[in-house]
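Below is one structure, written out as structure tokens; the observations come after it.
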Amino acid sequence: TVTKKAAAKKPATKAASARKAPVTAKALQGKIIQHLRGTQGTYEEKATPQAWWRATSFAVNEFVMAGLTDTQKTHSRYDTRAVNYLSMEFLMGRLLSNNLHNLHLFDVTRAALEGLGQNLDDLLEEEPDMALGNGGLGRLAACFLDSLATMNLPAVGYGIHYEHGLFEQHFRDGRQIERPDAWREYGNPWEVCRPESAQQVKLYGYVETRYEGATPKKVWHAGRTIKAVPWDIPIVGYDGANVNILRLWESRATNFFDWDVFNAGGYVDAQAEQAQAETISKVLYPNDETDAGKELRLIQQYFFCAASVADIVRRYRRAHGDDWTSFPKLVAIQLNDTHPAIAIPELMRVLIDDYDMAWKDAWGICQQVFSYTNHTLLPEALEKWTVRLFEKVLPRHLDIIYDINHQFLTQQVDAQWPGDDAMKQHLSIIEEGHERMVRMGHLSVVGSHKVNGVAQVHSDLVRTDLFPEFHELWPEKLTNVTNGITPRRWLKACNPRLAALIDQHIDADWPLHLDKLKGLIAKADDAKFQQAFMAVKRENKVDLVAEIHRLTGIEVSPDALFDVQIKRLHEYKRQHLNLLHILALYRRLLDNPEYNMVPRVFLFGAKAAPGYHLAKDIIFAINKVAERINNDSRIGGKLKVVMLPNYRVSLAEKMIPAADVSEQISTAGKEASGTGNMKLALNGALTIGTLDGANIEIAEEAGADHCFIFGLTVDEVKALNARGYNPYDFYDHDEEIRAVLDWLDSDYFTPGQPGALASIKHSLLQGGDPYKVLADFRAYSDAQRNVDEKYRDGTAWARSAIINTATMGKFNSDRSIQDYVDRIWHLKAYPRDN
Ligand code: F58
């Protein structure tokens with residue numbers, strides 16, 4: 001491929017410092033000062049850290065924009081095939097540090113700022129996270145954009161320019177409080193508004209059937225029109241690669257306000273339309289793995305899909321006019337989960353209604369263009385909309401969906417299962433019932449040429465359990481692309497000490513060719529390397545200790561084992577299994593102060609969906625248990641528990657490099673892949689985990705000796721369910737389980753408020769323990785003993801930690817993207833001409 005060729009042209013360097021920055025420190029200083037004075041309107045003596053951060057970002061933007069222009073010229077010169085990645089979420093985090101690393105400007109910027117009396121690390125902290133996503137799905141999209149640009153693949157990310165990203169989390173007396181996130185309250189230096197590419201999006205209204213020519217024509221008379229304004233965020237590839245764009249749509253009223261109403265004295269009413277229109281891109285829904293089912297969410301989905309499809313069609317027509325033959329050759333559209341599935345009927349509508357294409361031709365185009373990634377098997381996360389709502393908001397699309405469904409059922413399904421009405425009902429895009437529903441998953445499968453899961457076990461379950469009949473119908477359609485993470489952000493940028501150590505031992509181009517980390521396996525038994533590796537870990541822990549103190553006031557020791565569970569709070573992820581084990585350890589210590597355990601700090605980071613009460617109760621419980629344990633002098637500091645507030649990308653970047661143990665303990669079959677598991681292992685943490693999602697592949701790569709795998713397998717969970725699971729079997733027969741659950745009922749952790757933590761016990765007993773926490777408890781506790789045992793043998797631990805880092809090459813998101821290219825998108829790389 002061109003990527004390989006392009007990489008081959010560049011000599012592999014031994015040391016990162018050998019790479020030349022594209023500018024001198026002196027020249028960069030000039031640019032920073034120029035922006036400080038010229039665009040920030042301040043001066044060196046007066047400027048706040050915010051102003052310095054902005055000036056630095058604007059200075060860096062000059063390099064970003066040059067790369068963007070070159071890339072766009074290259075794309076139009078070669079009329080490139082591109083993938084359009086449609087996603088409701090892009091969890092980008094901060095951009096300055098990332099852009100500096102990808103442009104090889106990091107060291108020179110540090111030097112330039114030092115000369116100006118500024119510290120780069122402090123300025124980086126000034127940048128608000130771009131938190132336009134909930135969790136893994138949104139962060140995956142961000143990693144993929146990094147890889148696409150780095151691999152010189154033509155790609156556009158399309159999403160929503162939310163005014164408020166994921167809420168800010170605070171704790172008040174241990175309980176989660178949500179506050180709005182205002183990431184761009186004072187503007188964002190990385191984005192460029194493109195008013196010339198604004199689009200109109202229609203909503204509501206009715207459909208008229210006109211009988212004019214041979215075939216009746218449907219005309220949608222929309223009830224409202226909203227303006228979609230694009231904001232472009234340049235995505236900088238690593239090491240001189242391309243600069244792609246992330247295009248985020250903001251909603252605006254078509255009329256700024258009603259002049260006549262205003263003049264008549266209705267000052268507030270005149271702005272009503274504007275306020276309504278702007279609501280669409282106002283806020284990110286803070287759900288994780290549940291379906292919001294709200295009208296506004298459907299409108300958000302359609303709003304960004306319609307604007308994106310219109311933009312894709314506009315770009316195509318600019319070069320090809322009304323000749324549609326090349327459209328499927330040049331356009332690939334990836335649906336990041338079913339959230340953008342409405343793009344399928346929207347492209348149909350555009351082709352049929354706006355460009356008079358025949359149904360068959362339009363449908364042929366759609367099926368070649370679309371593909372869909374499934375991220376979950378949880379039934380509560382599979383999107384459905386009522387037909388009633390569709391009829392109201394998108395009447396023309398409902399027609400089209402009916403037609404798609406009719407063709408699908410009468411042709412494909414009937415050919416495969418002649419006369420089988422039950423099968424038709426089962427596979428129909430429309431679910432019959434007391435309220436008819438549109439199944440967005442079925443629409444996505446029917447409208448796409450490929451459907452992928454995100455880890456091998458997950459994709460297998462998509463084929464066998466979620467969509468078995470679709471698999472029978474189209475044996476080639478369902479496939480796997482195991483997730484990945486960008487090693488630029490998740491090792492090079494976030495863990496500079498480890499990156500520097502790696503640079504000393506293997507080619508410095510490992511951030512492009514992560515398999516080269518395998519070269520470290522030879523060092524795993526080298527005592528000097530082990531020492532250096534663990535010294536890096538320890539320094540990272542010292543940094544995190546300071547951050548923990550700054551954020552919570554809690555003191556922890558860097559000599560303790562750092563055990564980390566960072567992810568959204570959800571029952572299936574089982575933070576409460578971790579908590580029960582902590583309670584068991586605490587109890588063992590109280591019973592026997594000599595109890596032999598490695599001093600451990602349990603670290604958590606997690607946001608709960610605001611309406612998910614049990615998840616919030618688990619956060620409360622962790623905080624209350626932490627309070628009690630951290631202030632108990634009887635246990636000699638052997639145990640500490642910390643939940644850091646406001647977990648987000650930039651906090652992950654601080655926690656991951658300092659982790660010794662990575663908690664990946666979901667109920668088998670529930671975590672589609674996980675990506676935090678990859679980040680932690682890459683940074684030398686040992687996984688304690690179930691055989692779920694990508695844990696399976698991580699354990700395969702690292703080797704079973706270097707992970708702590710425990711618990712029920714997917715098949716065992718199924719068998720247990722089939723037998724009938726009774727959590728009381730464990731409560732009644734395991735003394736320790738009973739004791740810790742009963743403890744939650746007391747007021748031991750919530751003095752004066754007995755029962756404040758009872759909901760957890762209730763869900764695990766009367767609630768039936770749907771995620772098998774009690775069934776896995778003993779195996780987990782045993783695995784944790786093995787963790788201790790290995791940690792006591794410093795050499796064995798260091799060896800395993802090194803092997804984890806050395807073997808995570810597979811989980812480079814470049815590899816995931818290459819899989820998408822080979823199996824689904826069939827793109828060609830175009831390094832930019834310059
Ligand atoms: C996550 N899904 C999976 N959904 O849970 C995780 O296993 C996987 O690694 C990751 O996707 C990437 O494939 C996820 O993050 C959401 O956040 C949705 C947001 C919108 C509402 C429904 C959940």
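Within the range 707-716, which residues are more than 16 Å from the ligand (Cβ to nearest atom) and either over 21 Å from ASP788 (Cβ atoms) or modelled with pLDDT under 95 (or both)?
LEU712, THR713, ASP715, GLU716
Please list, ordered by first then second residue, the pairs with beta carbon atoms under 6 Å, 6 or more apart or interchain, first in the range 168-185 and on the phi > 0 side of the Ramachandran plot and buried (at least 16 other Cβ atoms within 10 Å of the Cβ), second modelled with pLDDT of 95 or more and of a type in the set (D, E, K, R).
Note: pairs meeting the criteria are GLY174/LYS624.
So which helices (runs of 4 or more DSSP H) stay within the range 737-834 end to end and still have 2 or more residues that are closer than 30 Å to ALA699 by Cβ, of a type outside the set (Ser, Thr, Tyr) and touching a strand residue (DSSP E or B) at 6+ places or on another chain (Cβ under 6 Å)?
In the range 737-834, 773-792 are the helices (runs of 4 or more DSSP H) which contain 2 or more residues that are closer than 30 Å to ALA699 by Cβ, of a type outside the set (Ser, Thr, Tyr) and touching a strand residue (DSSP E or B) at 6+ places or on another chain (Cβ under 6 Å).
Given the residues ALA82, ALA55, ALA59, ALA47, which is the only one that is closer than 30 Å to ARG314 by Cα, of a type in the set (A, V, I, L, M, F, W, C), surrounded by 14 or more Cβ atoms within 10 Å (Cβ to Cβ) and in contact with a helix residue (DSSP H, G or I) (Cβ under 8 Å, 6 or more places away or on another chain)?
None of the others qualify; the one that does is ALA82.
Looking at the structure I just gave you, is ALA214 assigned to a loop (DSSP other than H, G, I, E, B) and more than 23 Å from LEU103 (Cα to Cα)?
Criteria met by ALA214.
Scan the range 451-464 residue by residue and report those that are surrounded by fewer than 22 Cβ atoms within 10 Å (Cβ to Cβ), over 16 Å from THR675 (Cβ atoms) and within 16 Å of the ligand (Cβ to nearest atom).
Of everything in the range 451-464, those that are surrounded by fewer than 22 Cβ atoms within 10 Å (Cβ to Cβ), over 16 Å from THR675 (Cβ atoms) and within 16 Å of the ligand (Cβ to nearest atom) turn out to be ASP460, LEU461.
May I ask you to list pairs of residues, at least six apart or on different chains, whose Cβ atoms are under 9 Å apart, with the first in the range 389-401 being under 17 Å from GLY293 (Cα atoms) and the second being surrounded by 22 or more Cβ atoms within 10 Å (Cβ to Cβ) and of a type in the set (Asp, Glu)?
As it stands, the answer is LEU394/GLU346, since those pairs meet every condition given.
If a residue must be in contact with a helix residue (DSSP H, G or I) (Cβ under 9 Å, 6 or more places away or on another chain), in a helix (DSSP H, G or I) and within 16 Å of the ligand (Cβ to nearest atom), how many such residues does the range 560-611 contain?
Within the range 560-611, residues that are in contact with a helix residue (DSSP H, G or I) (Cβ under 9 Å, 6 or more places away or on another chain), in a helix (DSSP H, G or I) and within 16 Å of the ligand (Cβ to nearest atom) number 2.
The rows are residues; the columns are (1) surrounded by fewer than 24 Cβ atoms within 10 Å (Cβ to Cβ); (2) farther than 22 Å from PHE602 by Cα; (3) of a type in the set (Ser, Thr, Tyr); (4) touching a helix residue (DSSP H, G or I) at 6+ places or on another chain (Cβ under 7 Å).
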residue	(1), (2), (3), (4)
ALA659	no, no, no, yes
GLU663	no, no, no, yes
MET678	no, no, no, yes
GLU700	yes, yes, no, no
VAL714	yes, yes, no, yes
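Looking at (1) away from the ligand (no atom under 16 Å from the Cβ); (2) in contact with a Pro (Cβ under 9 Å, 6 or more places away or on another chain), find the lone condition where PRO128 falls short.
Every condition holds for PRO128 apart from (2).
Go through the range 681-706 and give me each residue that's within 13 Å of the ligand (Cβ to nearest atom) and closer than 18 Å to ARG815 by Cβ.
Of everything in the range 681-706, those that are within 13 Å of the ligand (Cβ to nearest atom) and closer than 18 Å to ARG815 by Cβ turn out to be GLY693, ALA694, ASN695, ILE696, GLU697, ILE698.
Please go through the range 417-441 and give me each residue that is closer than 21 Å to ASP291 by Cα and either free of Cβ contacts under 8 Å to residues at least 24 places away in the same chain or within 16 Å of the ligand (Cβ to nearest atom) (or both), ordered by number.
Selection gives SER428, GLU432, GLY433, HIS434, ARG439, MET440, GLY441.
Which of (1) over 20 Å from the mean Cα position of the chain (by Cα); (2) part of a loop (DSSP other than H, G, I, E, B); (3) more than 25 Å from ILE548 (Cα to Cα) does SER666 not meet, given it meets every other one?
Among (1) over 20 Å from the mean Cα position of the chain (by Cα); (2) part of a loop (DSSP other than H, G, I, E, B); (3) more than 25 Å from ILE548 (Cα to Cα), SER666 violates only (1).
Let's see how each residue does on (1) under 34 Å from the mean Cα position of the chain (by Cα); (2) of a type outside the set (A, V, I, L, M); (3) closer than 24 Å to ARG396 by Cβ:
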site: PHE262; (1), (2), (3): no, yes, no
site: GLY266; (1), (2), (3): no, yes, no
site: ALA277; (1), (2), (3): yes, no, yes
site: ASN287; (1), (2), (3): yes, yes, no
site: LYS294; (1), (2), (3): yes, yes, yes
site: PHE303; (1), (2), (3): yes, yes, yes
site: ALA310; (1), (2), (3): yes, no, yes
site: ARG314; (1), (2), (3): yes, yes, yes
site: THR325; (1), (2), (3): no, yes, no
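So, in the range 272-294, exactly how many residues are more than 16 Å from the ligand (Cβ to nearest atom), closer than 21 Å to GLU178 by Cα and among the charged types (D, E, K, R)?
1
Could you identify the single residue in GLN411, GLN334 that is out of contact with any helix residue (DSSP H, G or I) (no Cβ under 7 Å at 6 or more places or on another chain) and farther than 30 Å from ALA214 by Cα?
GLN334
For the range 401-450, give me each residue that is buried (at least 16 other Cβ atoms within 10 Å of the Cβ) and either among the β-branched types (Val, Ile, Thr) or at pLDDT below 95 (or both).
Passing the criteria: ILE401, ILE404, VAL413, ILE429, ILE430, VAL438, VAL445, VAL446.
The values are calculated or read from the model by the stated rules, or taken from the named source; none is laboratory data. Quantities reported herein were computed from a predicted structural model and do not represent experimental measurements. Neighbour counts run over all protein chains shown; Cβ positions are idealised from the backbone, glycine included.
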